[in-house]
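Taking it in order: structure first as structure tokens, then the write-up.
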Amino acid sequence: MEEHNNNELLQRFLTYVAFDTQSKSSAKHSPSSPGQMKLALHLQQELIEFGLQDVNVTKHAVVTAYLPSNHPNLTQTIGFISHLDTSPQCSGKNVQPEVIENYRGGDIALGLGEEFISPVYYPFLHQLIGKTLIVTDGTTLLGADNKAGIAEIMTALSVLQRGNIPHCNIRVAFTPDEEIGLGMHYFPLDDFSCDWAYTIDGGEVGELEYENFNAATAKITFKGRSIHPGYAKNKLVNALTLACEFQQGFPKDDVPEKTSGKEGFFHLDDFKGDIEKVELHYLIRDFDQANFEQRKAFIYQLVEKFNREKSLKDPVECVIEDSYKNMYDTVKNVPQAIKLADAAMKACGITPNHKPIRGGTDGAFLAEKGLACPNIFTGGYNFHSKHELVTLEGMEKAVEVVIKIANCKDL
């Protein structure tokens, strides 16, 4: 990319990470934080200045815009999507990024040096020597997930418009509350008609993802009876003890820390309560639909067995809700979406890395509605963490790929 575009991309990213858009995990309404609407309105103004059409922000902070094709042979309509919010797992308030030019290797001291990013724990750093890194001060996350994606889409639009580069019809969307799975419930799909779309929400350069977990949550509720412990014999029922015993019924190797690739898992995500009431919250994940259904059935059966063996006055209660599905069931019917992204990366000198997403994206929700939506890299690492970082060179490559996809006549 030209130096002008390089500086534009960096400044745009630094502007976006200054917005506190951390989503709130307990929220019932979207946007779950006011900063998301503030960023949405900022982006709306930029899109208008770029000359896009139908630039709208809904009351739920969903930004949409349209750029019509400027070439008679480019008739496809392709969408590009990134999300406004940052993870609730780590503070996104008062982000203080630091730009490290020509990284020389070794440990990176963050802020006052109380936090370090070390190649001992993050071997990928060896591959980033000589790159320009953007890191945090060690007190917050950076927000590259997903403000790097937003900056990359916005810079690509700016370059396309400024250079009058031939491009297909482009739809753009920036969505709230992706991290808590809430924002897409309010996505105006009727106003986002396209042949297929891409989320720009992946990690290292070259990532191209179009398979993800089938996902569900389980809430298991235990009710106890509190009695003074000195007089509790044959009277006290300790919900905490019941919950601990129940947890022992799960397979010990079917957990995130012992699985990889396309292996599924059960994940005890939250444990809260007291003697009288405890709630266990589980994440259920599997790529294979049949295995996914078996995992849900396993929990129901475990609850049924537990209730039968304990003969509790207040039986254990179980509620399981599906969260999202594997996008591949939809994407496989639109193979050109994968082929185009693959060809665009190769044209930009990038070796595509096809890999499954051990999580979900907004694309999974859109795929369930019938819109194929693979996921493309942003150039970032260590998302949801104070050790989050992104390379400027990786962001530049993402901009190039978006432009090449839009300029698909050459592929």
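The values are calculated or read from the model by the stated rules, or taken from the named source; none is laboratory data. The shown structure was predicted, so the numbers you read here are calculated from the model rather than taken from an experiment. Every residue, glycine as well, gets a Cβ built from its backbone with ideal geometry; the counts of neighbours run over all protein chains shown. With ligands, DNA and RNA removed, areas are computed over all heavy atoms of the protein, side chains included. Shrake-Rupley method; radii C 1.70, N 1.55, O 1.52, S 1.80 Å.
Which ones in region 68-100 are farther than 24 Å from Pro335 by Cα, touching a helix residue (DSSP H, G or I) at 6+ places or on another chain (Cβ under 9 Å) and of a type outside the set (S, T, N, Q)?
Answer for region 68-100, where residues must be farther than 24 Å from Pro335 by Cα, touching a helix residue (DSSP H, G or I) at 6+ places or on another chain (Cβ under 9 Å) and of a type outside the set (S, T, N, Q): His83, Leu84, Asp85, Gly92, Lys93, Val95, Pro97, Val99.
Quick one: in region 315-344, which of the residues that are touching a Lys or Arg at 6+ places or on another chain (Cβ under 9 Å) and among the charged types (D, E, K, R) is most open to solvent (accessible area, probe 1.4 Å)?
The selected residue is Glu321.
Does any residue of region 192-210 turn out to be surrounded by fewer than 19 Cβ atoms within 10 Å (Cβ to Cβ), in contact (Cβ under 8 Å) with a residue 12 or more places away in the chain and in contact with an Asp or Glu (Cβ under 9 Å, 6 or more places away or on another chain)?
No.
Applying the selection to region 291-312, what residues are in contact (Cβ under 8 Å) with a residue 60 or more places away in the chain and not in a helix (DSSP H, G or I)?
Leu312
Just to check your reading of the model, which residue among Ser323, Ser260, Ser311 is on the phi > 0 side of the Ramachandran plot, modelled with pLDDT under 95 and of a type in the set (S, T, N, Q)?
Criteria check complete, one pass: Ser311.
Quick one: count up the residues across region 59-70 that are part of a loop (DSSP other than H, G, I, E, B) and either among the hydroxyl-bearing types (Ser, Thr, Tyr) or more than 23 Å from Ser158 (Cβ to Cβ) (or both).
3
Among the residues of region 18-39, is any farther than 23 Å from Ile180 by Cβ, open to solvent by less than 30 Å² (accessible area, probe 1.4 Å) and not charged (D, E, K, R)?
Checking region 18-39: not a single residue is farther than 23 Å from Ile180 by Cβ, open to solvent by less than 30 Å² (accessible area, probe 1.4 Å) and not charged (D, E, K, R).
Taking Ser30, is it under 28 Å from Gln161 (Cα atoms), among the hydroxyl-bearing types (Ser, Thr, Tyr), in contact with a helix residue (DSSP H, G or I) (Cβ under 7 Å, 6 or more places away or on another chain) and in contact (Cβ under 8 Å) with a residue 12 or more places away in the chain?
no
Among the residues of region 374-400, write down those that are of a type in the set (D, E, K, R) and surrounded by 24 or more Cβ atoms within 10 Å (Cβ to Cβ).
Glu388
Can you tell me which of Leu366, Leu371, Leu312, Leu283 is under 20 Å from the mean Cα position of the chain (by Cα) and open to solvent by 30 Å² or more (accessible area, probe 1.4 Å)?
Among Leu366, Leu371, Leu312, Leu283, only Leu283 is under 20 Å from the mean Cα position of the chain (by Cα) and open to solvent by 30 Å² or more (accessible area, probe 1.4 Å).
Restricting to region 261-280, give me the number of residues that are open to solvent by less than 70 Å² (accessible area, probe 1.4 Å) and either within 19 Å of Lys325 (Cβ to Cβ) or assigned to a loop (DSSP other than H, G, I, E, B) (or both).
Counting residues in region 261-280 that are open to solvent by less than 70 Å² (accessible area, probe 1.4 Å) and either within 19 Å of Lys325 (Cβ to Cβ) or assigned to a loop (DSSP other than H, G, I, E, B) (or both) gives 6.
If you take the residues of region 213-240 that are in a loop (DSSP other than H, G, I, E, B) and touching a Lys or Arg at 6+ places or on another chain (Cβ under 8 Å), which of them is most open to solvent (accessible area, probe 1.4 Å)?
Lys235
The rows are residues; the columns are (1) in contact with a Pro (Cβ under 7 Å, 6 or more places away or on another chain); (2) part of a strand (DSSP E or B); (3) over 27 Å from Leu208 (Cβ atoms); (4) open to solvent by 10 Å² or more (accessible area, probe 1.4 Å).
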residue	(1), (2), (3), (4)
Gln45	no, no, yes, yes
Pro72	no, no, yes, yes
Val99	no, yes, yes, yes
Pro119	no, no, no, yes
Leu142	yes, no, no, no
Ala151	no, no, no, no
